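Accompanying notes for the structure given below.
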């Protein structure tokens, strides 16, 4: 890994984010870019600074119609490429782009406007009228920008990437899986260099209500800053977040030839599926266990070689309990000495972008030999009994670390990074 950058609610470039993460800053607040009144959950870790988004748009000379998720994705990708000094090497058939995202969601106001405009002479809304109006607007180029594959294509065009252009949509594991598959492509010699990561900006009335109906969102509306409390006995659900993270990955030989210093090595990747239910993880944690073990095997490391785990840590009752048990199963007696923390305590759950942002956090922990905290940890849960780096970052020897991502549909992805030997 030779470059990385992020856009998050607590920092819109890498140094700013890392400083805030180590200080335990919360990016959760009452939703401001639409009126959340009447929704069961009225809080989020949203990128709702319109002036900042427009600044990003202008910097990259992006079209006014580009969705927010695309704008922040391009911003993070540009930062990663600049940090790696990799503009020239990306414009090649030997480069690829791998993106995890669900695309942009249709706003209820857009759909209402289509329904209103589709009526014939002020008559009732009909199915054919709505479809025709929707298709007419799609043909003008507005709606194809909302498709999941659009961001990867946009990045390929922006940087001149002529190799594989891949979009992964596996819910909360999307960008982690995109990064893992990029590493596999480099290993097998398909490409030399990859831009990999993810972006997600889907905090909307429809999306918040859907997650509320699933029963997975926190409803601590009165105290948004402390609503995301992974592994704490008071946890009542996750806080939806927005953001983007991208990394520049290349083979060691390729980086060496162009004189690019490596930040860390992505040494292991494990991916599994629970094969259980669409919305629930297997209660025995078998998929999570399998992903972590495969990542360790892929890296040729033993549990004793890992010092830090950046947990999926959503702040839902079931996830945190199952993940804790899975870590204890994989690491055995070594689990008690591990430092385990959740970035989601500060930036919420950025869904498709979570894996990329959290891997970036893991890399920074290895680079700087410090574990960021799990904030809002106050009341221990007897079923969550690991060292969760409560509320204050901890300096420690971190030789290798893993980043866990688990998603709806039973998807499980684990990425293992280790320090570069000099």
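The values are calculated or read from the model by the stated rules, or taken from the named source; none is laboratory data. Since this is a predicted model, take the numbers as computed values, not measurements. Positions of Cβ are backbone-derived with ideal geometry, glycine not excepted, and every protein chain shown enters the neighbour counts.
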Practice prompt. Kindly indicate whether residue 180 is assigned by TED's automatic domain parsing to the domain that holds residue 76, in contact with a strand residue (DSSP E or B) (Cβ under 6 Å, 6 or more places away or on another chain), part of a helix (DSSP H, G or I) and at pLDDT 95 or above.
Written response: yes
Discussion item. Looking at the structure I just gave you, is residue 99 in a strand (DSSP E or B) and in contact (Cβ under 8 Å) with a residue 40 or more places away in the chain?
Written reply: yes
Fill in: Selection count where residues are in a strand (DSSP E or B) and farther than 16 Å from residue 380 by Cα, scope segment 231-254
11
Worksheet item: Residues in segment 236-258 that are in contact with a helix residue (DSSP H, G or I) (Cβ under 9 Å, 6 or more places away or on another chain) and more than 15 Å from residue 173 (Cα to Cα): how many?
Response: 12
Practice prompt. Give segment 43-62 a look and list any residue that's in contact with a helix residue (DSSP H, G or I) (Cβ under 8 Å, 6 or more places away or on another chain) and assigned to a loop (DSSP other than H, G, I, E, B), or say none.
Written response: 47, 60, 62
Practice prompt. Mind telling me which of the residues 294, 286 ends up being in contact (Cβ under 8 Å) with a residue 12 or more places away in the chain, surrounded by fewer than 24 Cβ atoms within 10 Å (Cβ to Cβ) and under 12 Å from residue 402 (Cα atoms)?
Written response: 294
Worksheet item: Hey, among the residues in segment 340-377 that are under 18 Å from the mean Cα position of the chain (by Cα) and on the phi > 0 side of the Ramachandran plot, which one's surrounded by the most Cβ atoms within 10 Å (Cβ to Cβ)?
Response: 348
Discussion item. With the requirement that a residue be surrounded by fewer than 18 Cβ atoms within 10 Å (Cβ to Cβ), in a helix (DSSP H, G or I), modelled with pLDDT of 95 or more and out of contact with any strand residue (DSSP E or B) (no Cβ under 7 Å at 6 or more places or on another chain), what does segment 141-168 give you?
Written reply: 157
Practice prompt. Among what's in segment 13-40 and is surrounded by fewer than 23 Cβ atoms within 10 Å (Cβ to Cβ) and closer than 30 Å to residue 186 by Cβ, pick the residue that is modelled with the lowest pLDDT.
Written response: 13
Worksheet item: When you scan segment 63-96, how many residues do you find that are assigned to a helix (DSSP H, G or I) and either surrounded by 17 or more Cβ atoms within 10 Å (Cβ to Cβ) or in contact (Cβ under 8 Å) with a residue 40 or more places away in the chain (or both)?
Response: 20
Fill in: Failed criterion for residue 171 (all others in (1) out of contact with any helix residue (DSSP H, G or I) (no Cβ under 8 Å at 6 or more places or on another chain); (2) modelled with pLDDT under 95; (3) under 28 Å from residue 288 (Cα atoms) hold)
(1)
